[in-house]
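Just below is one structure, and these are the notes that go with it.
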Amino acid sequence: MATLLGANSTRENILSNLSTDMYHIIVFVGNIFYSKWSPKNSFFLTNDNQILTFNEINHILSQNNSKNQPLIFLNSQVYDIEGKKLRNTLRTFGDIVAQFDYNRITGIVSKNYPIFNDETKQIISNFFMNFFNNNSQGVSLLKARQQCIATKMEKLVEQQVKDSTSDTGIKHIDLRSSLAISSYLLFGKPWKKIGS
């Protein structure tokens, strides 16, 4: 495992680590700048103020000739190249990741909505626990969502029981939709597992 934080997260260090071909999971945390004119050249700004494009990331991963096929996990916010935060990034990510060869990677998990809360943390944690327990990436994400829904439902039931009295009759539990539950999207072949 290599963690590139702060001064170590330079363009050169990131490219060097990506080219070693020894990682099963590559996680990017940061801001993505989306180019609507050339989505494959959408980019991250590295810590040394350099641009690292998705085209470069794809090129490096495509050059690796080993059987190792990493999962790319993008826990990021998306901005346009003028710095305006994009809210719904479903199409944006589709444009960016369309260039990747899914025979060379396990898949790509991306965040659709710029939500960073306890539910999204739980989904990330549960996704990786499921994935490391030899579940496919699709099953891992599905189980992570189900676990998040179950936790939310349990909290709502506890609150309803606490708020109700025995003589008020039947209570209806409203499980409100949660953007956190649908905040992560999988691109690729859902049946692929780590190292496959």
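Listing for the model above:
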read-out	value
Verdict on L175 being modelled with pLDDT under 90, surrounded by fewer than 13 Cβ atoms within 10 Å (Cβ to Cβ) and of a type outside the set (D, E, K, R)	yes
Residues located in the range 137-149, provided they are open to solvent by less than 60 Å² (accessible area, probe 1.4 Å) and farther than 19 Å from W191 by Cα	C148
Residue that is closer than 17 Å to Y102 by Cβ and not in a strand (DSSP E or B), where the choices are I26, I60	I60
Unmet requirement for K67, which otherwise passes all of (1) under 25 Å from A144 (Cα atoms); (2) modelled with pLDDT under 85; (3) of a type in the set (D, E, K, R)	(1)
Qualifying position, being out of contact with any Phe, Trp or Tyr (no Cβ under 7 Å at 6 or more places or on another chain), on the phi > 0 side of the Ramachandran plot and open to solvent by 30 Å² or more (accessible area, probe 1.4 Å), among N134, N117, N103	N134
Considering residues of the range 81-100 that are among the β-branched types (V, I, T) and more than 16 Å from G188 (Cβ to Cβ) only, the residue surrounded by the most Cβ atoms within 10 Å (Cβ to Cβ)	T89
Residue within the range 4-19 that is charged (D, E, K, R), open to solvent by 30 Å² or more (accessible area, probe 1.4 Å) and outside any helix (DSSP H, G or I) present	no
V78 being farther than 20 Å from S9 by Cβ, touching a strand residue (DSSP E or B) at 6+ places or on another chain (Cβ under 8 Å) and either open to solvent by less than 40 Å² (accessible area, probe 1.4 Å) or at pLDDT 85 or above (or both)	no
Conditions (1) in a loop (DSSP other than H, G, I, E, B); (2) of a type outside the set (S, T, Y); (3) open to solvent by less than 80 Å² (accessible area, probe 1.4 Å); number of the one not met by K67	(3)
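The values are calculated or read from the model by the stated rules, or taken from the named source; none is laboratory data. Predicted model, so just to flag it, every value in this text is computed and none were measured. All Cβ positions, even for glycine, are placed from backbone atoms using ideal geometry, and neighbour counts span all protein chains on display. These accessible areas exclude ligands, DNA and RNA; they are computed on the full protein's heavy atoms, side chains included. Shrake-Rupley method; radii C 1.70, N 1.55, O 1.52, S 1.80 Å.
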